[in-house]
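**Student:** Quick one: structure below, then a few questions.
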Amino acid sequence: MVRAGPLAVLLALAAPAAWAQQGPRDVVVVEGDAIPEPLATRPGDAARGRAIVANRSVGLCLLCHSGPIPEERFQGTLAPSLAGAGARWSVGQLRLRIVDGARLNPDTIMPPYYRTTGLRRVARTFEGKTILTAEQVEDVVAYLATLKE
Amino acid sequence: MRTAWIALGLASVFVATFALAQGAADKRRSGYQDMGEALQKMQDDDTANPGMLFVQLGEQLFGRPAGAANKSCADCHGAGSMKGVAARYPAIPKDADKPVDLEGRINLCRTANQRAEPLAPESRDLLSLEAYVAFQSRGQPIAPPSDPRLAPFRAQGAEIYRRRQGQLNLSCAICHDDNAGKKLAGVTIPQAHPTGYPIYRLEWQALGSLKRRLRNCLIGLRAEAYAYDAPEYVALELYLMDRAKGMLLEAPGVRP
C-alpha cells in the first residue's frame, strides 16, 4: 500500500472518533504533489460537494475564495477563484490541496481540512477532529473536478 | 454636561476628518474608515450613537458611592481627571508588577479603594464606567506608556498575534496585516486597531469590550478562547495599542 517513490511522504492522521466505525484511512499516501487514492470507500458526490463548498460554516471555502456559485452573494477575495480548478489540477492534486495545502506551500493560509496534528489551542469542540470528514473531502474533490472553466 | 457632549461630538467630526488626513505615509486605518457612511454618521452623531447611553450611565455610576468604603470614583477623581487615561492603558499600576487593562484598573479601584466586589466582565456597569472614562480621551492620540517593564508583556502579545492557532490554523497577522482591506466573505477585514473601544456593535445589540472582540476572532479561528481574566488578553491589548500608537481614540465606537 505504501508506494515509496522519491517524493513520497506519509501523513499519519489521527482518526476522528465520530466516523471511526466507517473505517477511515488513518494513513494517507502522498505521491509527488497529489494523493492518488480516495480517502473514503464511498465515492465523492459533486452535488454534495457543491453544497459543502457553498456552506459558510461547513466548507468555509467562500470566506476566502470566490467560485461559480452565483446564489452565494458574499464571496472572499483572499484566494484565487475556484473556477477552472478541475482543469488546472487532477483529482489527486485537488485532494492534497484540500487535505493539507501546507505540504506544498508551508506559508499557505488555506486551512488543513484533513489534519489534526501540528495545530495549537484548537477549541475543545473541535479537538482531534478534522475540518471535513474523509467523505466530505471526497465530495468536495468530486465537485472541484467538475469546474473545467 | 450635555453641552459639553455636543461640543465634543462636533469635535469628533473634525477628529474623523483629521484621522483621514493622517498623512499619506501612514497606511494605518481605523476600522471606522472601513465602515459604510451610515455607520460612520451613527458613530459621529452623539444623539444617534447608542454607546452614548452607556457613557451617560457611566457618568452616574462614577458619582455613586459604593462598597464598604462608601466612596464614589468622583470622590477620588475630580471632573476631567480621566482625560487621556484610556489612551495609555494597559499599564502597570503603582506597587504592582503586572499590567492591567482599563477594565482591570477600574476593578482595582472597586476592590482596593471602594472595597466593593469587582464588576463582572462585560457587565453593563463595568462597560458603562469604561465607556465614560474612554469617552474623555476621544480625539486623543493613543500614547502607550514608556515603562520598560511593559516590554516583555508587549512582546508576548506580538507573539500571540503572529502565532497560528485553532483548527483553521490562522494567525491574527494573516488577516489583519497580510490581508487587511480584502473581503472575508462579504466583510472588509479591518487592520484591527483598538481605536473605538468599548464599541457598540450592531451584531451584538450591545456595548462590548476589546476583549469580547478578540474572543470573537479566536472563536472564528476555532481556537480555544482565553478566560476573561487571562493575561493573554492584556498582552494582546498592549501590542495592539502600541501598533496603533498615535492614532486617535474614538470611543464609544460603532461597528457592524
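**Student:** Please go through the range B:57-115 and give me each residue that is free of Cβ contacts under 8 Å to residues at least 60 places away in the same chain, in a loop (DSSP other than H, G, I, E, B) and of a type in the set (D, E, K, R), ordered by number.
**Tutor:** B:R64, B:K83, B:K94, B:D95, B:D97, B:R115
**Student:** Considering only residues that are buried (at least 21 other Cβ atoms within 10 Å of the Cβ) and of a type outside the set (K, R), look in the range A:39-51 and name the one that is farthest from A:V140 (Cα to Cα).
**Tutor:** Of everything passing the filter in the range A:39-51, A:L39 is farthest from A:V140 (Cα to Cα).
**Student:** Could I ask something else about it? Determine, yes or no, whether B:A120 is part of a loop (DSSP other than H, G, I, E, B) and within 12 Å of chain A (Cβ to nearest Cβ).
**Tutor:** Numbers: part of a loop (DSSP other than H, G, I, E, B): yes; within 12 Å of chain A (Cβ to nearest Cβ): no.
No, not satisfied.
**Student:** All but one of (1) over 18 Å from B:A86 (Cβ atoms); (2) away from chain A (no Cβ under 14 Å); (3) not in a helix (DSSP H, G or I) hold for B:A158; state the number of the condition that does not hold.
**Tutor:** If we test B:A158 against (1) over 18 Å from B:A86 (Cβ atoms); (2) away from chain A (no Cβ under 14 Å); (3) not in a helix (DSSP H, G or I), just (3) comes out false.
**Student:** Check A:Y143 against each of (1) part of a loop (DSSP other than H, G, I, E, B); (2) crowded, with 19+ Cβ neighbours inside 10 Å and name the one condition it does not meet.
**Tutor:** (1)
**Student:** Condition check: under 30 Å from B:A225 (Cβ atoms), more than 10 Å from every other protein chain (Cβ to nearest Cβ) and in contact with a His (Cβ under 9 Å, 6 or more places away or on another chain). Does A:V137 satisfy that?
**Tutor:** no
**Student:** Being surrounded by 21 or more Cβ atoms within 10 Å (Cβ to Cβ) and more than 8 Å from chain B (Cβ to nearest Cβ) is the filter here; which residues of the range A:116-134 pass it?
**Tutor:** A:T130, A:L132, A:A134
**Student:** Looking at the range B:191-214, which of its residues are surrounded by fewer than 19 Cβ atoms within 10 Å (Cβ to Cβ) and on the phi < 0 side of the Ramachandran plot? Give the derivation first.
**Tutor:** Pass one, the range B:191-214, residues surrounded by fewer than 19 Cβ atoms within 10 Å (Cβ to Cβ): B:202-206.
Those that are surrounded by fewer than 19 Cβ atoms within 10 Å (Cβ to Cβ) and on the phi < 0 side of the Ramachandran plot: B:L202, B:E203, B:W204, B:A206.
**Student:** Kindly indicate the residue of the range A:52-81 that is more than 15 Å from A:L144 (Cα to Cα) and among the hydroxyl-bearing types (S, T, Y) and also surrounded by the most Cβ atoms within 10 Å (Cβ to Cβ) among those meeting that condition.
**Tutor:** A:T77
**Student:** Does B:D147 satisfy the condition of being within 30 Å of A:L63 (Cβ to Cβ), surrounded by fewer than 16 Cβ atoms within 10 Å (Cβ to Cβ) and more than 14 Å from the chain's Cα centre (by Cα)?
**Tutor:** It is false that B:D147 is within 30 Å of A:L63 (Cβ to Cβ), surrounded by fewer than 16 Cβ atoms within 10 Å (Cβ to Cβ) and more than 14 Å from the chain's Cα centre (by Cα).
**Student:** Would you check if B:Q156 is of a type in the set (S, T, N, Q), in contact with a strand residue (DSSP E or B) (Cβ under 7 Å, 6 or more places away or on another chain) and farther than 23 Å from B:G208 by Cβ?
**Tutor:** For B:Q156, the condition - of a type in the set (S, T, N, Q), in contact with a strand residue (DSSP E or B) (Cβ under 7 Å, 6 or more places away or on another chain) and farther than 23 Å from B:G208 by Cβ - is not met.
**Student:** Does B:Y228 satisfy the condition of being more than 30 Å from B:T47 (Cα to Cα), surrounded by fewer than 19 Cβ atoms within 10 Å (Cβ to Cβ) and among the aromatic types (F, W, Y)?
**Tutor:** yes
**Student:** Shifting gears a bit: Give the residues of the range A:91-115 that are in contact (Cβ under 8 Å) with a residue 40 or more places away in the chain, facing another protein chain (nearest Cβ under 10 Å) and surrounded by fewer than 23 Cβ atoms within 10 Å (Cβ to Cβ), sorted by residue number.
**Tutor:** Matches in the range A:91-115: A:I109, A:M110, A:R115.
**Student:** Then there is this: Given the conditions (1) assigned to a loop (DSSP other than H, G, I, E, B); (2) surrounded by fewer than 16 Cβ atoms within 10 Å (Cβ to Cβ), and given that B:G139 satisfies all but one, which numbered condition is not satisfied?
**Tutor:** The one condition B:G139 does not meet is (2).
All of the numbers you see were taken from the coordinates with simple rules; none came from a lab. Just so we're clear, the structure is a prediction, and the values are computed from it rather than from any experiment. We place every Cβ from the backbone using ideal geometry, glycine too, and count neighbours over all the protein chains shown.
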